[in-house]
Amino acid sequence: MLDEGCWGKRRFSSNATFSGISRASLLIAVMSVSALLTGNALAENCLTGSDMDAATRSALTSSGTRYFDMIARGDASSLRQNAIPSLAADFSGIEGTVKENQVALAGAKASARSPFLLEADGTAPIPRAEFFCGVFGASGQTKDSAAFSINGLSPGKYGVVILDAPTAKGAYTVSLILQKIGSDWKIGGLYIKAGQTGGHDSNWFITRAHEYQSKGQAHNAWLYYLVARSLVSPLPFMSTAATDKLYDDSQKLQPADFPADGKTADLSAGGTSYKLTALFPEVVGNDLDLIVRYSAADVSNTNTTYQSNVAVMKALVTKYPELRDAFGAIVARAVDPGGRDYGTMLAMKDIK
């Protein structure tokens, strides 16, 4: 997967990695924040490391470093003891993330970046909490700024501690979401990301995107930009100047006939029309594969659903033959109205 992480009981899927905040909406939001600050009515506030007091900055950094050492040792038991109650009650996601990355992180020493402090006021969960941290310029974010967009966030104080960990398997980032409980900073979420996907970093995917663009393969170019953007952001709900630039570059290529940003797309296959709900790249093993999700009335008959999945994959590469050059396989997932799904994977060479 391109992203591994848990926050509380919520598991973020890989396609969520590619969601974000556009520069236009960011500028509008910044202006709204300025207006709210004037009226002293801000419900969400963010402090960068240089903005917060030294004691808070030190507590966040030392807590993050201490928890990283537990992660590197594979000590899930100690991590659970230091988690917020709701996360400790269902810790399987964190345990899985730690176990999946234990070999890579064993013995690693990490350095913490300057932390962020997110303060959410109120008495009820915020449907969409947005935090704008640091200095924003006329064209948006600057080198040290960041923006966070989080759905359903409960009021409280949260710390974001991002640690860079060089390993024998390449660079990793470990991001901890900490919540202040009493005088302690408890673990509320954990994200572990490799700096490379399939052995390649963000710059490699940007270069390939440019190459596909020069060949007129805008669909491949856009999909590779998504991977590049994912690799430069430690968190799926965080944007920076670097991710914003990649977002702007990719938006110029976003295909109108692909599902994106909540918009579906129709795909005809053998006289049947399928409604595609998501299309995104994902690493499976050592390959970069293409995941396609579509709506299905029922997935209980697996034989029938398998045939539909194969039909969708065939129709997809027939309509967009360029995909054969960019991906090792396609995974088609039929999703019924209740959210149940059934998936099928075929290597690209077997889709005929």
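Miscellaneous remarks
- Applied to segment 204-219, the Karplus parametrisation 6.51 cos²θ - 1.76 cosθ + 1.60 on θ = phi - 60° returns per-residue 3J(HN,Hα) values of 4, 5, 5, 4, 5, 4, 4, 5, 5, 4, 5, 8, x, 9, 5, 5 Hz, with x for Gly and Pro.
- Whichever lysines have a C-alpha closer than 25 Å to that of Lys275, once near sequence neighbours (fewer than 8 apart) are set aside: Lys252, Lys263, Lys314, Lys319, Lys349, Lys352
- Extension gain for Arg324 to Ser139 (0.36 nm times residue separation, less C-alpha to C-alpha distance): 62.8 nm.
- With Cα atoms, 0 to 90° folded angle of helix 241-251 axis to the chain main axis: 20 degrees
- Residues of segment 66-103 with amide N under 14 Å of the 7 Å Cα→Cβ point at Lys109: 69
- Theoretical gain in end-to-end length, Tyr306 to Glu100 [0.36 nm per residue, Cα-Cα removed]: 71.2 nm
- Extending 7 Å from Cα along the Cβ direction at Thr65 and again at Ser86 yields two label points whose distance is 3.1 nm.
- Amide H within-cut-off set for Leu288, under 5 Å, with H built and near neighbours excluded: Gly328
- Descending principal axes extents, the chain, alpha-carbon based, whole Å: 64, 46, 39
- Backbone amide hydrogens, once placed in the peptide plane, bring Gly140 within less than 5 Å of nothing, excluding anything fewer than 5 places away on its chain.
- Dipole moment magnitude, nearest 20 debye, the chain about Cα centre, only Lys, Arg, Asp, Glu C-beta charged: 280 debye
- Label-reachable residues, segment 201-223, where backbone N falls under 12 Å from a point 7 Å from Lys245's Cα toward its Cβ: 203
- Working note: 222 nm ellipticity from helices only, DSSP H runs with n ≥ 4, each -39,500 (n - 2.57), summed and divided by the residues of the chain, gives -11000 deg cm²/dmol to the nearest 500.
- Cβ crowding within 10 Å ranks Trp204, Trp185, Trp222 as Trp204, Trp222, Trp185, fewest other Cβ atoms first.
- Most to least packed among 266-272, 231-237 [average Cβ atoms within 10 Å]: 231-237, 266-272
- Extension gain from Asn203 to Asn286, taking 0.36 nm per residue of separation minus the Cα-Cα distance: 28.1 nm
- Between segment 229-246 and segment 146-190, the Cα center-to-center distance that results, in Å: 15 Å
The numbers here are math on the coordinates, done by the rules we state, and not lab data. Everything numeric here is computed off the predicted structure, so don't read it as measured data. All Cβ positions, glycine included, derive from the backbone under ideal geometry; neighbour counts span all protein chains shown.
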